[in-house]
1. So, in nm, how far is label residue B:159 from label residue A:23 when the simple model puts each one 7 Å beyond its Cα toward the Cβ?
2. Can you show me the helix-derived [θ] at 222 nm for chain B, built from DSSP H runs with n ≥ 4 at -39,500 (n - 2.57) apiece and divided by the number of residues, rounded to the nearest 500.
3. Kindly rank B:189-197, A:60-68, B:169-177, B:359-367 from highest to lowest mean number of other beta carbons found within 10 Å of each residue.
4. Tell me whether region B:1-149 comes out rounded, prolate or oblate; compute the Cα gyration tensor, take square roots of the eigenvalues as a ≥ b ≥ c, and use a/c under 1.5 as the rounded threshold.
5. Nearest 500 deg cm²/dmol is fine: what mean residue ellipticity at 222 nm does chain A get from its DSSP H runs of n ≥ 4 alone, each adding -39,500 (n - 2.57), divided by its residue count?
6. Only residues of region B:43-74 count here: report those whose backbone N is under 20 Å from the spot 7 Å along Cα→Cβ of residue B:2, or say none.
7. So for region B:107-374: antiparallel DSSP bridges make up what percent, rounded to the nearest 5?
8. Inside 10 Å of the C-beta atoms of A:13-23, what's the mean count of C-beta atoms belonging to other chains?
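Just so it is clear, none of the values below were taken in a lab; they were calculated from the coordinates. Computed from a predicted structure; not experimentally measured. Using ideal geometry, Cβ is built from the backbone for each residue, glycine included, and neighbour counts are taken over all protein chains shown.
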C-alpha cells in the first residue's frame, strides 16, 4: 500500500494518536493516504470510528507485532 | 473554571447514596452502549472525544449547571482533554481518575450483617463489573468467597479487622472475571477450595469443595456449609452461612438466573440448572437471605448498596424461578442468551492457571459487563 505520508504515534496513549492523526490529515489533499503507526490498543476501535465520523476511508489495516498500521484515505 | 478529579470511590458513593450525576462519556458509541457507569439517578451524554477535537461549544448547552458533570473515558487521557476544554468554556467539571479501567476495578466493602457470637458478614461490591465477593469474619478468623483479582483489597481488609484468612472458596470456575482466590490463599497460607468437577483441567493444587463440606470460622460459632448446586457450571456449589445466608454463586441472582452455556455445555446443563433452582433450592428455608456472586442491573442494589434478598421473595418475584414448564425453561436458558462476556474463554484459562497474563492484559480481558445471567 502506497502512502503519501507516515505518522508515527507509537507509545502515545489516548487521545494523542487521534489528535495527531487529525492534525496530519488536515495537511493532506483529498485522495491522499496517511499511514499511521500506533501501539495504543484503544485505536483499534477509535480510529475507524473517528475516520467514519470525519468521512475518511480506512483502505487498509495491518497488525505487525504490537504495532497497528492504518492506511487512511482523505475525504 | 476548574477541572476536578473524581475517584472511582467517590462515584461509588454517589451510586450507593442515590445522588445525581451527569456523565459525559467520551468513549466511542459501541463502547458506551456495551457498558457504562450505572447509577439510580445518573444522566448521560455520549459524544466520542474525537468528535470534540474542534471544540466543545456545541455540547456546552447540553451540560446541566445544577449537578456535577463528570467526563469519563476508557483510561483517563481523553476525559482530561475534554474536561479542560469544558473548563475553558467556563464550566466547572470533573473527570474520572483512571477512567473505566479504574471503575471496573473498584470494590466497595459493605457490611451485610452481624453474625452469631460477634461475627460479621461483608459483601465486596464491584460496581463497575457487577461482581460480588464475600468475607465472613469471626473470632480472629476469616473466610472469603468468590474473591476477585484485587487480592490486596481482601488481605488489607483482613489486616484492618485483625483477622487471619483461613479459608478461600470459589463457588465455581469463573468465566467473566479473574479469580483472586488462589493467590490470596498462596499469600496467606489459607486453604483454597474449588469444586472438583469444575477443576478437571486446573494446573495447581486445591482442596476439593464437596457437597456437605462444612468449615467453622473462629473457634465455635459460624459455620459455612457447602451445597452442590450445578447448572451454571457442572461444579457450581452454594454456601449456607450461619444458617441465615445462602450464597448462590452464579446460579441464582436477584432479578435473573445463571446461564448454563459459558463452559460450552448449555444443552447438557440445563437439566442440572432446573433441578437446582426448582428442587434443591425449594427444599431450603424461605427465610434464607440470598447473596449472589453478581448483579446485572443497578435496580438489584438495596438502599444500603448491598445486593441481597430473601429466598422466599425470589421464589415469588424472580421470573427465572417461575417458569412452570420444563420445555419453556429449556428455551429460556438456551435460546435467547445474551452475548457472552468479553474474553470468557481466556478468563477460564487464567482461572485454571493455564495462562498468566500481566495486569494490563487482565484488565483488557475483563472489560465490559459480566453477562453471567439469563432473564
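1. My value for the distance between the label points is 4.4 nm.
2. Working: 11 runs with 93 residues, N = 375.
Counting only the DSSP helices, I get -7000 deg cm²/dmol.
3. On the way: B:189-197: 19.8, A:60-68: 11.7, B:169-177: 27.8, B:359-367: 16.4.
Listed from highest to lowest mean packing, they are B:169-177, B:189-197, B:359-367, A:60-68.
4. Values: a/c = 3.07, a/b = 2.45, b/c = 1.25.
Here region B:1-149 falls in the prolate category.
5. Working: 2 runs with 22 residues, N = 75.
Mean residue ellipticity, 222 nm, calculated: -9000 deg cm²/dmol.
6. Output list for this probe position: B:64-72.
7. Working: 38 of 52 bridges.
If I count the DSSP bridges inside region B:107-374, around 75 percent turn out antiparallel.
8. Details: counts 5, 13, 14, 3, 1, 5, 6, 0, 2, 3, 1.
Counting Cβ atoms of other protein chains within 10 Å of each residue's Cβ and averaging gives 5.
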